[in-house]
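Beneath this line is the structure, given in structure tokens, with notes to follow.
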Amino acid sequence: MAGDSLLAQVEQGLADLLDQGVRYGLAFSGGCDSMLLLALLVRAGYDVAPYTLSTAFQAPFELDDARDGAEVAGVDLTVIHADVLAERRVCANPPDRCYWCKRFIFSRILDAMAADGRTVLLDGSNASDDPARRPGMGVLSELGVRSPLRELGLSKPQVRALSRELGLFTAEKPNFSCYATKVPQGQPITREALKQVAARENRGWR
């Protein structure tokens, strides 16, 4: 495969990793990584459905991007509205807040998938994501979430290059941290604190 294009190598890699007989769910943020993975899976004919968790931690434009991305891919998006502010372990804002938040997100998606008869959850983590800097990634192995881009060794620059090749609108989308990351660690995450962050951060990108 040395002479094949990166796209051809990735498509073959997905064929080796994933089973066409499985009904997959995808944790879909509408960001560069999850958009590429969705596009690749749809292009290859996999039975995949994207799920987005809508909470007070995300900017409104993120949900707009997820809806636009699903429409571009030609699949239906399931939006799960969840009250993250009711999650005590998350909103206490401890050092491992990201872990508890990711566990909350993926657990809700897994519940929705089970109701839809889908059995394997995928996410868009790539090989550039450093578990040491992203403690929430530990949840993936605990809950059986698979990360095909990471398993294939795709770096962020390669994800962007493939996105450009496929003409995806997210190819140059910046990485956006959720509002909770802007609340100082140890300070409780409240609706008021998030409103203050949103007033500074909700600028969009397109």
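The numbers here are math on the coordinates, done by the rules we state, and not lab data. This is a predicted model, so every value here is computed, not measured. Note: ideal-geometry Cβ built from the backbone for every residue, glycine included; neighbour counts use all protein chains shown.
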- Highest mean first, what order results for 169-176, 118-125, 91-98 on Cβ atoms within 10 Å? 118-125, 91-98, 169-176
- Message: Cut-off under 29 Å on the C-alpha distance; same-chain residues fewer than 8 positions from Lys195 excluded. Which lysines are left, in chain and number order?
- Response: Lys102, Lys173, Lys182
- Among Gly138, Gly31, Gly45, determine the one that fluctuates most according to a GNM of the chain built with springs between C-alpha atoms less than 10 Å apart. Gly45
- Task: Pull up the DSSP beta bridges for the chain and report the antiparallel fraction as a percent, rounded to 5.
- Result: 0 percent
- Within the under-13-Å Cβ sphere about Leu17, not counting Leu17, Lys/Arg +1 and Asp/Glu -1 give a net charge of -2
- Task: Name the most mobile residue of Arg191, Arg150, Arg103, meaning the one with the largest mean-square fluctuation, in a Gaussian network model of the chain with Cα contacts below 10 Å.
- Result: Arg191
- So Ala199 and Ile80, fully extended at 0.36 nm per residue minus their Cα-Cα distance, gain in nm 40.4 nm
- Query: Nearest 10 degrees, 0 to 90: what angle lies between the long axis of helix 32-43 and the longest principal axis of the chain (Cα atoms)?
  - Reply: 40 degrees
- Taking square-rooted eigenvalues a ≥ b ≥ c of the alpha carbon gyration tensor, is the stretch 4-112 rounded, prolate or oblate, where a/c under 1.5 means rounded and, failing that, a/b exceeding b/c means prolate? prolate
- Around Gly25, which amide H atoms from residues at least 5 apart in sequence, or from another chain, sit under 5 Å from its own amide H, with H modelled in the peptide plane? Ala49, Thr119, Val120, Leu121, Leu122
- Message: Between Ala193, Ala56, Ala39, where does the largest GNM mean-square fluctuation fall for the chain, given springs only between Cα atoms within less than 10 Å?
- Response: Ala193
- Note on the structure: Computed over the chain, the relative contact order (Cα-Cα under 8 Å, seq sep at least six) in percent reads 25 percent
